[in-house]
Amino acid sequence: MRPRKIPQRKCVACQRMMPKRELIRIVRTPQGEIEIDLTGKKAGRGAYLCGQAGCFKLAKKTKAFERALKVPVEPAIYDRLEAEFIRVEEEFAAGKERADDDDDG
């Protein structure tokens with residue numbers, strides 16, 4: 001049996017290709033809201049970001065979310081996303097470690 005193919009996505013800030021589940025998805029919902037999607041399954045246009053604060057700051061500086069989501073992103077939205085990102089970053093890292101442990105076991 002062939003090994004299962006792992007979906008790859010590119011971080012919008014650092015441009016590194018990584019497995020999809022190692023990245024955090026930022027989604028623009030059909031209603032036009034921009035939010036963090038930890039499940040990776042919300043409907044809408046998505047942009048992927050490494051789980052690092054440095055990548056978030058680079059994405060903000062280069063307006064990578066505006067290009068990837070194809071809508072203008074207000075500074076207030078960046079500030080809200082940054083606060084959420086910092087909170088979610090630890091939760092995401094813990095979830096990734098648990099998933100790695102499950103794969104080993």
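Taking GLY32 as the residue in question, decide whether it is surrounded by 13 or more Cβ atoms within 10 Å (Cβ to Cβ) and not in a helix (DSSP H, G or I).
No.
Considering only the range 52-76, how many residues are touching a Phe, Trp or Tyr at 6+ places or on another chain (Cβ under 7 Å) and in a loop (DSSP other than H, G, I, E, B)?
Looking only at that region, the number is 1.
Where a number appears in this text, it was derived from the coordinates with a stated rule and is not lab data. Here the structure is a predicted model, which is why all the values come from computation and not from measurement. Heads up, the Cβs are rebuilt from the backbone with ideal geometry, glycines too, and the neighbour counts pull from every protein chain shown.
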